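The values are calculated or read from the model by the stated rules, or taken from the named source; none is laboratory data. Here the structure is a predicted model, which is why all the values come from computation and not from measurement. When we count neighbours, we look across all protein chains shown, and the Cβ atoms used for this are built from the backbone with ideal geometry, even at glycine. Keep in mind that these areas ignore ligands, DNA and RNA; they rest on the heavy atoms of the full protein, side chains included. Shrake-Rupley method; radii C 1.70, N 1.55, O 1.52, S 1.80 Å.
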Amino acid sequence: MSQAAFTDSVHVRAPGKINLFLGVGERHDDGYHALATVFQAVSLYEDVIARPADDFSVEVFGVDDIGSVPLDDRNLAMRAAKLLAAAADYPGGVALEIRKSVPVAGGMGGGSADAAAALVACDALWGTGFSPSRLHDLAARLGADVPFVLHGGTAVGTGRGDQLSPALARGRFDWVLVPNDRGLSTPVVYGRLDALRDEEGALADEPSLSLDVPIPVLQALRSGDPVQLAAALENDLQPAAIYERPDLAETIARGVAAGALQGIVSGSGPTVALLCPDPEVARDVQYSLREVGYDPLHVHGPVPGARIIG
Ligand code: ATP
């Protein structure tokens, strides 16, 4: 069943994501928040190379804060490989090399992309031959964003974000991403959201069990019109992320002043995503923000999910 003897390495590329809409329900007693989100995969990629080995190991290259990425069983790619090996009764291991481009703890699902890429890479390296739906089930056990990164494109996520349905999106959207030097912890941002809602007395008696994505968001995606989409962007976590990092509000304001249609904190932040009307304006926005000391990236979406390349 193993192809490892015949395959030197498998190279998989997986995209980072942004959330065009993120609705967050009230906290349940077990810490659960019902989510309704629209993911879009964008052209900023993680590369994972899997090579045959007797044991499991992971090396990470590419980002400044490499030290914040665990190299043991806490690494999501390592966990993905071990989960697949257990599910497939594969007796060997794998040496994983991760080349990161997605900012660490940036709200763009970099760890989730590594996990999705590791699943696809190990499945191919070991000749496991799991069906897409079986890989999806394993992905959901690794984290709420991992199934989306397997599929890519634009999709609606409900439940914890892992119950996916494709969203019709026409054309291409141009984004300028503004990463931040320091990551922001997802649990800290959710905790802040709960505290802010508590202070405002905005907590409902019964936490919502499910949420929906508003129709205007889906219509804007179908239209392919960035002006419509800009008006529909929304993130319930944004006030909490800005509370933790007040400078994010200024980043959004500067992006809009430079020509972006709208800006939004991506997921739990701190990366800011600025939607632009076309590639030319995106390049102008990127240039303007670079002039004032940011390190912006011009990307587009939607792009496909985790894929074997080379
Ligand atoms: P989340 O998916 O929780 O919203 P994020 O997208 O903001 O996270 P990630 O880059 O996925 O950010 O990393 C979140 C944390 O997960 C990091 O601080 C790190 O400790 C841990 N982690 C585990 N595996 C990885 C990995 N392969 N790459 C990056 N971080 C990882």
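Against the condition away from the ligand (no atom under 11 Å from the Cβ), under 20 Å from the mean Cα position of the chain (by Cα) and not hydrophobic (A, V, I, L, M, F, W, C), how does Ser165 come out, does it pass?
Here the answer is yes, as Ser165 does meet what is asked.
I'd like to verify a number: residues in segment 103-134 that are within 15 Å of the ligand (Cβ to nearest atom), modelled with pLDDT of 95 or more and of a type in the set (A, V, I, L, M), how many?
8
Is it true that Ala86 is in contact (Cβ under 8 Å) with a residue 12 or more places away in the chain, away from the ligand (no atom under 11 Å from the Cβ) and of a type outside the set (Val, Ile, Thr)?
No: the conditions fail for Ala86.
Report yes if some residue within segment 30-46 is exposed (fewer than 15 other Cβ atoms within 10 Å of the Cβ), hydroxyl-bearing (Ser, Thr, Tyr) and within 24 Å of Asp295 (Cβ to Cβ); otherwise report no.
no
Would you check if there is a residue in segment 37-59 being polar (S, T, N, Q), near the ligand (Cβ under 10 Å from one of its atoms) and at negative phi?
For segment 37-59, residues polar (S, T, N, Q), near the ligand (Cβ under 10 Å from one of its atoms) and at negative phi: absent.
Just the residues that are among the small types (Gly, Ala, Ser) and closer than 14 Å to Leu20 by Cβ, please, taken from segment 130-170.
Gly153, Ala155, Gly157, Gly161, Ala167, Ala169
For segment 8-17, indicate whether the set of residues that are within 29 Å of Thr128 (Cα to Cα), at pLDDT below 95 and open to solvent by 20 Å² or more (accessible area, probe 1.4 Å) is non-empty.
Yes, because at least one residue in segment 8-17 is within 29 Å of Thr128 (Cα to Cα), at pLDDT below 95 and open to solvent by 20 Å² or more (accessible area, probe 1.4 Å).
Give the number of residues within segment 135-151 that are within 14 Å of the ligand (Cβ to nearest atom), open to solvent by 20 Å² or more (accessible area, probe 1.4 Å) and free of Cβ contacts under 8 Å to residues at least 40 places away in the same chain.
1
Which numbered condition trips up Asp174, out of (1) more than 14 Å from the chain's Cα centre (by Cα); (2) within 16 Å of the ligand (Cβ to nearest atom); (3) surrounded by 22 or more Cβ atoms within 10 Å (Cβ to Cβ); (4) of a type in the set (Asp, Glu)?
The single condition Asp174 does not satisfy is (2).
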